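Below: one structure, written as structure tokens.
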Amino acid sequence: MKNLKLAWRNIWRNKRRTIITVMSVFFAVVLSVLMGSMQEGIYGSMIDNVVKTYTGHIQIQHVDYNDNQSINNVFEQRSGLLEEIESIDGVEVAVPRLKSFSLISNGNKTKGGALIGINPAKEEQLTELSQWVVKGDFLTQDDQGVLITKNIANHLEIGLGDTIILMSQGYHGTNAAGLYPVRGILAFPTQEMNNMGVYLHIDAAREFFYANNKLTEIALLVNDYENVPSVKEALIQKFDDQYNYLTWQELSPELVNFINSDKASAVIMLGILYLVIGFGILGTVLMMMAERRREMGVMVAVGMQKRRLSTIIWMETMLIAFIGVVAGFLFSWPLITYLSANPIPITGEYGAAYEQFGLEPVLFFKVVPQVFINQVLTVLAVTLVISLYPYYYIGRLKTIDAIRGN
Amino acid sequence: MAIIDIKNVKKIYNDNDVPVHAVNGVNLSFEKGEFAAIVGPSGSGKTTLLNLLGGLDNVTEGDIIVNGTNVNELKGSKLINFRLMNIGFVFQAYNLIPVLTARENVEFIMELQKRSSQERKSRSEALLKAVGLADRMNSRPSKLSGGQQQRVAVARALAPKPMFILADEPTANLDSASTENLLDIMERLNSEEQITFIFSTHDSRVVKKARRVITFEDGKVLSDETK
């Protein structure tokens with residue numbers, strides 16, 4: 001009778017208890033995988049929101065611009081610069097921008113916001129900005145009009161075809177002011193972005209700021225998140241210290257901090273979950289040991305070495321965990337695959353709360369093999385630690401006391 | 001020639017700080033093929049002596065020599081291995097492994113001895129046939145009566161071809177028909193296999209069958225009669 005066969009039969013001696021323990025492991029795996037996949041999905045969506053709605057994976061800026069975001073800290077878009085950048089491996093598109101702060105007025109109403117000069121065709125390749133135009137049209141190549149974000153438009157009570165006044169400080173202290181017709185209204189998925197400001201053609205923005213051929217940034221779309229460090233390295237190699245190169249993490253430190261703190265709190269939640277499951281498994285092991293103490297005594301009495309007996313009990317514990325882990329894995333993989341393709345929209349008050357926090361009101365899930373592997377390994381590790389108890393217990397077992405039932 | 005020598009063995013329990021002389025200066029020896037019963041009232045020390053003989057408990061004083069080996073000097077895995085190779089046990093409460101069939105319970109001990117699967121199979125079948133359970137080999141203990149379980153326990157005890165079998169009140173939980181049947185089987189196997197049987201018992205039917213009767217009282221041998 002091989003150890004594994006004996007262990008397998010032993011775990012089914014008390015079917016109900018084994019099933020309850022297996023289910024607790026199963027739910028631990030499913031819950032932790034769900035939680036981890038949702039986190040990854042939401043983080044991915046937040047990063048995508050930031051990267052693909054505005055920042056890009058990397059931005060090239062004037063060396064002082066990040067510390068002092070003034071219209072004076074701009075750099076020249078020399079001939080062939082964008083093409084040179086786009087020739088770097090991994091760079092899909094280089095998007096030029098001229099950005100500063102502006103007052104946006106209509107009649108006696110004024111609101112401060114960003115004024116972002118864009119190349120519509122290039123911008124479309126990075127941010128697909130046109131998809132957020134809910135009224136009117138996207139900017140054309142020679143457009144002199146603006147796109148205005150929803151909340152600012154509402155505040156200023158303006159609609160399509162109305163004219164807004166933009167006022168700001170131009171390049172090297174000049175006064176910048178102009179009248180611009182509203183071409184379209186932008187409605188983004190988050191409130192933060194809906195408060196952003198106006199977009200206009202980069203040539204119009206240069207004219208407005210008196211910043212001929214200048215840029216505040218070039219946003220890059222990289223073919224994969226993984227390639228961001230290598231692209232940054234290539235930029236440094238190519239342009240040395242002419243510019244400042246910032247990754248999306250450096251551009252959005254608050255997002256990185258949020259993700260890190262959220263991950264830390266999730267670790268605590270998972271820790272509590274594993275603790276509960278761990279005690280569940282430990283309870284089962286303790287009951288198994290107590291119920292079979294006499295039987296274990298008899299087995300040692302008739303000639304079974306304690307080490308082998310401990311191994312059988314260890315196998316029983318690991319088998320229970322293994323069944324739960326495999327069942328949890330088989331259930332959660334298709335579930336997460338389905339949810340990643342069909343994210344859950346959050347409606348009502350909760351949805352509004354998400355938007356207020358600048359989050360898209362959708363629960364995203366992402367299939368990340370590492371999440372599955374981590375949860376499976378953690379549950380198995382917890383069980384492995386618990387399953388060492390029988391070695392201690394049986395090692396101290398006094399045969400005669402066990403047989404007598406003392 | 002004696003296979004078991006018990007020399008001035010004492011076992012003193014110190015429960016509640018009151019010394020209890022469970023076995024008090026016993027000298028006995030057993031020879032190959034004996035069919036001996038240790039009798040006496042409850043608390044006379046017969047089960048304690050069996051536990052000492054089986055290496056399940058330690059003597060306070062004295063020596064138990066089995067085939068030249070002092071059992072008291074064996075510890076841990078060596079002691080377990082000694083029991084495996086030399087001693088068979090039959091317990092009052094049968095104590096079969098519930099997840100194994102009758103055949104597997106018998107084979108289990110031989111597997112511990114690392115005997116070949118062919119030998120395990122043939123010997124377990126032969127022993128179960130000898131105890132009248134040829135048709136219940138694949139039944140688990142829960143599907144067997146008390147008498148049948150105890151017969152499997154006897155087959156299990158004989159399976160490793162031990163030097164002697166210790167049977168602690170083997171008939172205590174059996175009805176008279178089962179007792180008679182079990183005793184006949186053990187007597188026959190004792191003759192066939194020439195394995196020494198040592199019982200502790202209250203049962204007069206066991207005493208009647210035994211060829212040697214040792215009477216215990218207050219941890220001492222009161223009488224030792226061979227029929």
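In degrees, nearest 10, range 0 to 90: what is the angle between the Cα axis of helix B:76-86 and the longest Cα principal axis of chain B? Tilt relative to chain B: about 60 degrees. So what does the Cα-only Debye profile of segment A:1-139 read at q = 0.21 Å⁻¹, as log10 I(q)/I(0), no solvent term? Taking Cα atoms of segment A:1-139 as identical point scatterers yields -1.34.
For segment B:17-129, the alpha carbon convex hull comes to 169 Å³ per residue, rounded to a whole number.
The calculated 222 nm mean residue ellipticity attributable to helices in chain B amounts to -11000 deg cm²/dmol, summing -39500 (n - 2.57) over DSSP H runs of n ≥ 4 and dividing by all residues. Beyond a 18 Å Cα-Cα separation, which of these cross-linked pairs lie in this structure: A:K99/A:K238; A:K306/A:K398; A:K111/A:K135? Over 18 Å apart, Cα to Cα: A:K99/A:K238; A:K111/A:K135. Per the accessible-area calculation with a 1.4 Å probe, the total area buried between chain A and chain B rounds to 2100 Å².
Here the Karplus relation 6.51 cos²θ - 1.76 cosθ + 1.60, evaluated at θ = phi - 60°, turns the backbone of segment A:228-244 into coupling constants of 4, x, 5, 5, 4, 4, 5, 5, 5, 4, 7, 10, 6, 9, 5, 10, 9 Hz, with x for every Gly and Pro. Across every direction, the projection of the convex hull enclosing the Cα atoms of segment A:1-83 has a mean area of 12.1 nm².
B:L112 sits among other residues whose Cβ lies under 12 Å from its own Cβ, and their net charge, with Lys and Arg +1 and Asp and Glu -1, is +4. Counting only lysines at least 8 places from B:K209 when in the same chain, those with an alpha carbon closer than 20 Å to its own are B:K32, B:K46, B:K227. With each label modelled as a point 7 angstrom along the Cα→C-beta vector, the A:I20-B:L222 pair spans 5.0 nm.
Entry comment: accessible area of chain A is 46 Å² per residue, from protein heavy atoms only and a probe of 1.4 Å. The Rg/Rh ratio of segment A:74-139, with both radii computed over alpha carbons and Rh defined as the Kirkwood radius, is 1.07.
Tally Lys and Arg at +1 and Asp and Glu at -1 over the other residues with C-beta under 13 Å from the C-beta of B:H21: what net charge comes out? So the environment of B:H21 carries a net charge of -1. Here the extension length gained between A:Y350 and A:Q169 equals 61.1 nm, from 0.36 nm per residue of separation less the Cα-Cα distance. In plain terms, if you count all Cα to Cα distances in segment A:229-340 and split them into 10 Å steps from zero, the share in each step is 11, 20, 20, 17, 14, 10, 6, 2, 0 percent. Taken over the alpha carbons of segment A:251-305 as equal point scatterers, the Debye sum produces base-10 log I(q)/I(0) values at 0.12, 0.13, 0.14 Å⁻¹ of -0.54, -0.57, -0.60. To the nearest 10 degrees, how steep is helix A:369-386 against the longest Cα principal axis of chain A, on a 0 to 90 scale? Computed tilt is about 30 degrees. Take chain B with all the other protein chains still there, run a 1.4 Å probe, and you get 42 Å² of accessible area per residue. Interface residues of segment B:108-134, defined as those with an accessible-area decrease of at least 20 Å² between the chain by itself and the complete set of protein chains (probe 1.4 Å), are B:F108, B:I109, B:E111, B:L112. Here the label points at A:N108 and A:A290, each 7 Å from Cα along the C-beta direction, are separated by 8.0 nm in the simple model. On segment B:2-226, 44 percent of the accessible area sits on carbon and sulfur atoms, based on a 1.4 Å probe. The Cα atoms of segment A:179-275 define a convex hull whose projected area, averaged across directions, is 10.5 nm². For the protein assembly as shown, the Cα-based Rg and Dmax, in that order, read 42.3, 130 Å. Over segment A:252-406, the hull volume per residue, using the convex hull of the C-alpha atoms, is 147 Å³. Between A:R97, A:R183, A:R13, the residue with the greatest mean-square fluctuation in the GNM of chain A (Cα pairs under 10 Å linked by springs) is A:R13. Of the two radii for segment B:76-226, the radius of gyration is 0.97 times the Kirkwood radius, both from the alpha carbons; that is the Rg over Rh value.
Heavy-atom accessible area with a 1.4 Å probe sorts B:M110, A:M269, A:M38, largest first, into A:M269, A:M38, B:M110.
For segment A:63-242, the alpha carbon positions stretch 51, 35, 28 Å along the principal axes, listed from largest to smallest. Ligands, DNA and RNA left out, the 1.4 Å accessible surface of segment A:63-242 is 43% carbon and sulfur atoms. Amide H to amide H, with H built 1.01 Å from N, B:I38 comes under 5 Å of B:F199, B:S200, B:T201, B:I214, counting only residues 5 or more places away or on other chains. Counted by Cβ distance under 11 Å from A:Q242, the other residues give a net charge of -1, where Lys and Arg count +1 and Asp and Glu count -1. Rg and Dmax, both from the Cα atoms of segment B:2-77 and both in Å, are 12.7, 41. Taking all protein chains as present, what is the carbon and sulfur share of the accessible area of segment A:280-396, in % to the nearest whole number, probe 1.4 Å? Answer for segment A:280-396 is 69 percent, counting heavy atoms of protein chains only. Label separation (A:N68 vs B:D175): 10.6 nm, computed from points 7 Å beyond Cα along the C-beta direction. In segment A:361-404, the residues whose accessible area drops by at least 10 square angstrom when the other protein chains are added to the isolated chain are A:T399, A:I400, A:I403, A:R404; the probe is 1.4 Å and only protein heavy atoms count.
The values are calculated or read from the model by the stated rules, or taken from the named source; none is laboratory data. Not measured: the values here are computed from a predicted model. No Cβ is skipped: glycine too gets one built from the backbone with ideal geometry, and neighbour counts run over all protein chains shown. Just so you know, the surface numbers come from the protein's heavy atoms only, side chains and all, with ligands and any DNA or RNA stripped out. Shrake-Rupley method; radii C 1.70, N 1.55, O 1.52, S 1.80 Å.
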